[in-house]
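The values are calculated or read from the model by the stated rules, or taken from the named source; none is laboratory data. The structure displayed is predicted, hence computed values, not measured ones. Please note: Cβ atoms are built from the backbone with ideal geometry, for glycine as well, and neighbour counts cover all protein chains shown. Ligands, DNA and RNA are stripped out before the accessible areas are found, and what is left, the full protein with its side chains, is counted by its heavy atoms. Shrake-Rupley method; radii C 1.70, N 1.55, O 1.52, S 1.80 Å.
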Amino acid sequence: MKRAYFRFYAELNDFLPLARRQVGFVHSFEGRVSIKDTIESLGVPHTEVDLILVNGESVDFSYLMQEGDRVSVYPIFESIDITPVVRVRPRPLREPRFVLDTHLGRLMAYLRMLGFDTLYQNDYADKELAQISKREGRILLTRDRGLLKRSIVTHGYCVRETDPRRQLVEVLRHFDLVGAIAPFRRCIRCNGLLQPVSKQAVSDRLPPKTQQYYDEFRICQDCDQIYWKGSHYQRMQQFVERILQQSGRGNAGT
Ligand SMILES: [Zn+2]
């Protein structure tokens, strides 16, 4: 048996048994094994990893483990600039787009509410989710670590929180999306884009009170659902405000 020394940093520790969190530990292995398979066998999905240093040098996922290696594994960095160092992750996706697993229905509604392109069906199979993520360049959000270990998934994130609102804050923070929030832009029902529509064009479909009090409307290009800035919109604004506060708005730009 050969031995290597591992240390995982920051939130990657969430995936380790308690005794291995925040400390270095010895890992024994045999034969030719890649660092990617080794990291996953220790419990950490490869999609969570952004930088691997072996004996102080940056390596990619195909690196073969050697006797005596000292391995440091880092998650996706938010505030520390490591761009000069080679990352193992492919280039970040320019405009974040998501596909969510079937257990994240409420999170889907929140993401769409804030304007993010979010695919969701309550009957997606795991294989299908992985394929959609790959084919459409979408970040796969799930609480299922096994799903993220599928090799075709290059952009994924394991959601730690269980409460949907906390999940939203977690995702906004992790992908640094607070500045990209654009409410009233996307259909919560079908993910279609909203476009302005005149009151006249939709007046026969509006409840009387809405007719009376609102003048600005948008309609979903895909499913025809009509939106206006009614009481639900006010509540959403307050919700967004709270999230901005929780996400530490003002930290950006440094
Ligand atoms: Zn729609």
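Using a Gaussian network model of the chain whose springs link C-alpha atoms within less than 10 Å, name the residue from V49, V23, V178 with the highest mean-square fluctuation.
V23
Could you work out which residue, out of R135, R185, R218, moves most in a Gaussian network model of the chain, that is, has the largest mean-square fluctuation with Cα springs under 10 Å?
R135
Where both partners of a DSSP beta bridge lie in the chain, what percent of those bridges are antiparallel, to the nearest 5?
Taking every DSSP beta bridge with both residues in the chain, the antiparallel ones total about 65 percent.
Per-residue accessible area for V26 at 1.4 Å probe radius, Å² rounded to 10?
Solvent-accessible area, nearest 10 Å²: 60 Å².
Once you place label points 7 Å from the Cα toward the Cβ at R165 and D215, how far apart are they in nm?
Each label point is offset 7 Å from its Cα along the Cβ direction, giving 3.4 nm.
Considering the chain as a Gaussian network with a 10 Å cut-off on Cα pairs, which listed residue, N55, N191, N13, attains the greatest mean-square fluctuation?
N55
Which of the three applies to region 22-66, rounded, prolate or oblate, going by the alpha-carbon gyration tensor with a ≥ b ≥ c and a/c under 1.5 meaning rounded?
Cα axes put region 22-66 in the rounded bin.
Of the accessible area of region 1-67, with the probe set at 1.4 angstrom, what percent is carbon plus sulfur?
That share works out to 49 percent.
C223 to H103: FRET efficiency via 1/(1 + (r/R0)^6), r the Cβ-Cβ distance, R0 22 Å, to the nearest 0.05?
The value I calculate is 0.40.
Consider all pairwise Cα distances in region 127-226 and report the whole-number % of them above 17 Å.
Counting every Cα pair in region 127-226, those more than 17 Å apart make up 67 percent.
Just to verify a number: what accessible area does D222 come out at with the full protein assembly present, 1.4 Å probe, Å² rounded to tens?
We get 110 Å² for D222.
So the label point goes 7 Å from the Cα of Q22 along Cα→C-beta, right? Which residues of region 136-162 then have their backbone N under 20 Å from it?
160-161
Plugging the Kirkwood radius over Cα pairs into Stokes-Einstein for the chain, at a temperature of 4 °C and a viscosity of 1.567 mPa s, what D comes out in µm²/s?
63
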